[in-house]
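Student: Got a structure for you, questions after.
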Amino acid sequence: MEELILNDIIVIFALSIAILFLCSRLKIPGIVGFLITGMVAGPHALGLIDDPQSVQNLAEIGVVLLLFTIGMEFSFQHLLRIRRAVLVGGTLQVVLTVLAVAAAGLFFGLAPGHAIFFGFLLSLSSTAIVLSLLQERSEVESPHGRTALGILIFQDLVIIPMMLLVPFLAGEGGEPSSGAVMAFLVTSVGLIAYVVVSAKWLVPKLLFHAARLRSREIFLLSIIVVCLFTAWLTQSAGLSLSLGAFLAGLIISESEYAHEALGTVLPFKDVFTSFFFVSVGMLLDLGFVVAHPWTVLLLALAVILGKSVVAGTVTSLIGSSLRTSVLTGTALSQIGEFSFILSVVGIEYGLLSAGAEQVFLAVAVVTMIATPFTVGLSPTLADRAGRLPLPERVRSGNIREAPPDEPVLRDHIVIVGFGLSGRHVARAARAAEIPYVVIEMNPETVREERERGEAIYYGDAARTAVLDHVGVDRAKALVVVISDPSATGRVVATARRANPHLRIIARTRYMSEMEELFRLGADEVIPAEFETSVEIFTRILTTYLVPREEIERFTTEVRAGGYGFLRATARQAPCLHDIGFFQPGAEIESLRVGEGAEADGRSLADLDLRRRHGVTVLAVRRGTMVLSTPSGETVLEAGDVCVVIGPEEKVASVDPLFRGEGG
């Protein structure tokens, strides 16, 4: 069995790489690539998967981790802000969809129970696909992202009442028993109580003690246990695993460890979520689609259009703008994965025949495959809808966006590490009235400093999710003052990828470590070994009563010589940086010439940056050598770092010239 699972995983990953490569070349979304992988490798095509059930199990883990990460990016405050979308929007969307589909079914001669059941199937949308697309497009926090999430949460809750009503629709169950309804209500209240108690007391204490041990393994396992235990609770209560995972994410989001937890889980989420999309693709019987192409395509088109109109109308009815309504409607236009679970129950009670099941599966998978394209097309549709002569209330809606809970920082300093050096940097920033945030790995320090009002967050700054939380893409500078040299390198490399224009200053212990940090993207490296030797010799000269002015002159010369390979003089780099920092419109940036970049192998005269782009090259650093007055004949090479000055938008416009093939 283990060998079969391993074979299936190898087949899926190898085939996915090839198909995703082609999709990337053709500008096709990655989710579609995974769906195509499932269609090709599945039992209805090449039959390369020996154990489809194992893939389904891995797919469930992927859905759980996806909803878990979404929950961690949210909070109870965010959930309260979308309560209208959950309660009113979700109810209207499900009810109106069921009524519309049931009316169509009755028109075509279906029995009432069968028609309503088809309404149940089509009213649900794919939580995994929609949220994965929104997360990929960074739109979870957008107005349409929050509205779609709210409606999806309601759909995950309403699946249980639907399953309770299936026997009644089939004419076998009479009506839902009061005991079942009471059990559902008691379970819901108990689950809410568990979530509140866990968020306020249990989980923060658990994660605090796990973080204090400084063991990545214990911290990761603690997070996974919270996620899986909560998901198991909801499943035991008859609710969906995905709802439990989302609630587990909400629980952790209330602690100061949320973003470190998010960074820890994200790599696993990406891997396991791919299995979900592959498993959906495996459901599609290509032979059935080829035999009945027009039936499947026309029904899929009808579902997409119908669900888009209903969801968009509901979004407009709860007060959203026309643009938000169009974007939300198209996002919820597919049939959901929980409809597959509901269809199994329907088959058991005779509400869905074998032939109808094949049509339903084919139409459902086609609508899922079409979702990335409809979502990509939705901004264009929204723009065209905005040109229609509609009333202003419909165009603008009556919901006004609430201001963000915290002001958005810009041009701030990110301080990594809050030991003695980090505290000094923070003190200097406060004195200069420069905004800053701190990232620290000691949970006790984080707790103490947060109580004192310090802007400090727990997390590993080498994780992209942690840096994103502190706004590294909007920061002016990042200062790394931690003791671990390998961790310093990882932080520098991650920060450079996140913000190519960020000024990175790193402290290291030994001068031998400087070159590697420069290679990873640091702009300045301060070796403690060098500064310690300077300070020791200064104290010795003071002991021998050498005049203070001579000591200062001597230390200035020593620093200038010691940092000669880093900058022309000890005072030169700060002066250039100060120009860009304090004069409005002027920006000093360091641009690294990438391998294969347009600037690679070309002279400054050939690039003619000043005339074409309004940007001037001040200096070029090549390895340990600095060309402080480069001429037009200076030919740039891969790895060179060019110091340029110009208006911010002009500097940004020349950045693509310096990016390599991988940048």
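Student: Which of (1) among the polar types (S, T, N, Q); (2) modelled with pLDDT of 90 or more; (3) touching a Leu at 6+ places or on another chain (Cβ under 8 Å) is the odd one out, the single condition Ser54 does not satisfy?
Tutor: Going through the list (1) among the polar types (S, T, N, Q); (2) modelled with pLDDT of 90 or more; (3) touching a Leu at 6+ places or on another chain (Cβ under 8 Å), Ser54 breaks only (2).
Student: Can you report the number of residues in segment 457-467 which are under 14 Å from the mean Cα position of the chain (by Cα), farther than 13 Å from Ala493 by Cβ and modelled with pLDDT of 90 or more?
Tutor: If we filter segment 457-467 for residues that are under 14 Å from the mean Cα position of the chain (by Cα), which is where we start, we get 463-467.
Then drop every residue that is not farther than 13 Å from Ala493 by Cβ, which leaves 465-466.
Filter again for modelled with pLDDT of 90 or more, leaving 466.
Residues in segment 457-467 being under 14 Å from the mean Cα position of the chain (by Cα), farther than 13 Å from Ala493 by Cβ and modelled with pLDDT of 90 or more: 1 in total.
Student: If you check Thr234 against the conditions, is it in a helix (DSSP H, G or I), assigned by TED's automatic domain parsing to the domain that holds Ile70 and in contact (Cβ under 8 Å) with a residue 40 or more places away in the chain?
Tutor: Numbers: in a helix (DSSP H, G or I): yes; assigned by TED's automatic domain parsing to the domain that holds Ile70: yes; in contact (Cβ under 8 Å) with a residue 40 or more places away in the chain: yes.
So Thr234 passes the test.
Student: Restricting segment 244-276 to residues that are over 17 Å from the mean Cα position of the chain (by Cα) and assigned to a helix (DSSP H, G or I), which is modelled with the lowest pLDDT? Let's see the steps before the verdict.
Tutor: Our first condition is that a residue be over 17 Å from the mean Cα position of the chain (by Cα); within segment 244-276, this holds for 244, 247-248, 251, 254-256, 275-276.
Adding the requirement that they be assigned to a helix (DSSP H, G or I) leaves 244, 247-248, 251, 275-276.
Details: Gly244: 85, Leu247: 86, Ala248: 90, Ile251: 89, Phe275: 85, Phe276: 82.
Ranking the candidates gives Phe276 first.
Student: Could you give me the residue pairs with C-beta distances under 8 Å whose first residue belongs to segment 95-113 and is under 16 Å from Leu305 (Cβ atoms), whose second residue is among the β-branched types (Val, Ile, Thr) and part of a helix (DSSP H, G or I) wherever it lies, and which are 6+ apart or on separate chains?
Tutor: From segment 95-113, the pairs are Leu96/Val310; Leu96/Thr313; Leu96/Val314; Thr97/Val310; Ala100/Val310.
Student: Of everything in segment 231-243, what is modelled with pLDDT of 85 or more, buried (at least 18 other Cβ atoms within 10 Å of the Cβ) and within 29 Å of Phe13 (Cβ to Cβ)? Give them in sequence order.
Tutor: Taking segment 231-243 and keeping what is modelled with pLDDT of 85 or more, we get 231-233.
Next cut, buried (at least 18 other Cβ atoms within 10 Å of the Cβ) only: 231, 233.
Within segment 231-243, Ala231 is the sole residue that qualifies.
Conditions (1) buried (at least 21 other Cβ atoms within 10 Å of the Cβ); (2) out of contact with any Gly (no Cβ under 6 Å at 6 or more places or on another chain), marked per residue:
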position	(1), (2)
Ala258	yes, yes
Asp270	no, yes
Ser274	yes, yes
Met282	yes, no
Leu286	no, yes
Thr295	no, yes
Ala302	no, yes
Val309	no, yes
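Student: Name the residue that is surrounded by the fewest Cβ atoms within 10 Å (Cβ to Cβ), counting only residues in segment 617-659 that are assigned to a strand (DSSP E or B) and β-branched (Val, Ile, Thr). Let's see the steps before the verdict.
Tutor: Within segment 617-659, the first condition is being assigned to a strand (DSSP E or B), and the residues that meet it are 617-622, 625-627, 635, 641-647.
Adding the requirement that they be β-branched (Val, Ile, Thr) leaves 617, 620, 626, 635, 641, 643-645.
Values: Val617: 21, Val620: 22, Val626: 19, Val635: 15, Val641: 18, Val643: 23, Val644: 23, Ile645: 17.
Among residues in segment 617-659 that are assigned to a strand (DSSP E or B) and β-branched (Val, Ile, Thr), the one surrounded by the fewest Cβ atoms within 10 Å (Cβ to Cβ) is Val635.
Student: Mind listing just one residue for me: the one in segment 1-34 that is under 18 Å from Glu136 (Cβ atoms) and at pLDDT below 85 and, of those, surrounded by the most Cβ atoms within 10 Å (Cβ to Cβ)?
Tutor: Checking each candidate, the answer is Ile31.
Student: Turning to a different aspect of this structure: Tell me, yes or no, whether segment 355-364 has at least one residue that is buried (at least 21 other Cβ atoms within 10 Å of the Cβ) and within 30 Å of Ser396 (Cα to Cα).
Tutor: Looking through segment 355-364, none of the residues is buried (at least 21 other Cβ atoms within 10 Å of the Cβ) and within 30 Å of Ser396 (Cα to Cα).
Student: Return the total of residues in segment 52-79 being among the hydrophobic types (A, V, I, L, M, F, W, C) and touching a Lys or Arg at 6+ places or on another chain (Cβ under 8 Å). Outline the logic, then answer.
Tutor: First pass over segment 52-79, keeping only residues among the hydrophobic types (A, V, I, L, M, F, W, C): 55, 58-59, 61, 63-68, 70, 72, 74, 76, 79.
Then keep just the ones that are touching a Lys or Arg at 6+ places or on another chain (Cβ under 8 Å); that gives 65-66, 68.
Residues that pass the stated criteria total 3.
Student: Any residue in segment 448-456 that is more than 16 Å from the chain's Cα centre (by Cα) and aliphatic (A, V, I, L, M)?
Tutor: First pass over segment 448-456, keeping only residues more than 16 Å from the chain's Cα centre (by Cα): 448-456.
The next check asks that each one be aliphatic (A, V, I, L, M); those that pass are 455-456.
Among the residues of segment 448-456, at least one is more than 16 Å from the chain's Cα centre (by Cα) and aliphatic (A, V, I, L, M), which makes the answer yes.
Student: Additional query: Is it the case that some residue within segment 447-466 is over 19 Å from Phe418 (Cα atoms), surrounded by fewer than 21 Cβ atoms within 10 Å (Cβ to Cβ) and not assigned by TED's automatic domain parsing to the domain that holds Val651?
Tutor: Yes, there is a match, as at least one residue in segment 447-466 is over 19 Å from Phe418 (Cα atoms), surrounded by fewer than 21 Cβ atoms within 10 Å (Cβ to Cβ) and not assigned by TED's automatic domain parsing to the domain that holds Val651.
Student: Here's something else I'd like to know. Considering only residues of segment 583-616 that are among the acidic types (Asp, Glu) and in a loop (DSSP other than H, G, I, E, B), which is modelled with the lowest pLDDT?
Tutor: Out of the qualifying residues, it is Glu595.
Student: When you check Val226 against the structure, is it β-branched (Val, Ile, Thr), in a helix (DSSP H, G or I) and under 30 Å from Met163 (Cα atoms), yes or no?
Tutor: Values: β-branched (Val, Ile, Thr): yes; in a helix (DSSP H, G or I): yes; under 30 Å from Met163 (Cα atoms): yes.
So Val226 passes the test.
Student: Among helices (runs of 4 or more DSSP H) lying entirely in segment 501-575, which contain 1 or more residues that are more than 30 Å from Val472 (Cα to Cα), of a type in the set (S, T, N, Q) and at pLDDT 70 or above?
Tutor: On the way: elements: 514-520, 528-543, 548-562.
It comes to 528-543, 548-562.
Student: Something else: Give segment 280-309 a look and list any residue that's part of a helix (DSSP H, G or I), closer than 26 Å to Thr97 by Cβ and modelled with pLDDT under 85, or say none.
Tutor: Within segment 280-309, the subset part of a helix (DSSP H, G or I) is 280-283, 286-291, 293-309.
Then keep just the ones that are closer than 26 Å to Thr97 by Cβ; that gives 280-281, 283, 288-289, 293-309.
Selection gives Val280, Gly281, Leu283.
The values are calculated or read from the model by the stated rules, or taken from the named source; none is laboratory data. In this text, all values refer to a predicted model and were calculated from it rather than measured experimentally. Glycine gets a Cβ as well: all are built from the backbone with ideal geometry, and neighbour counts include every protein chain shown.
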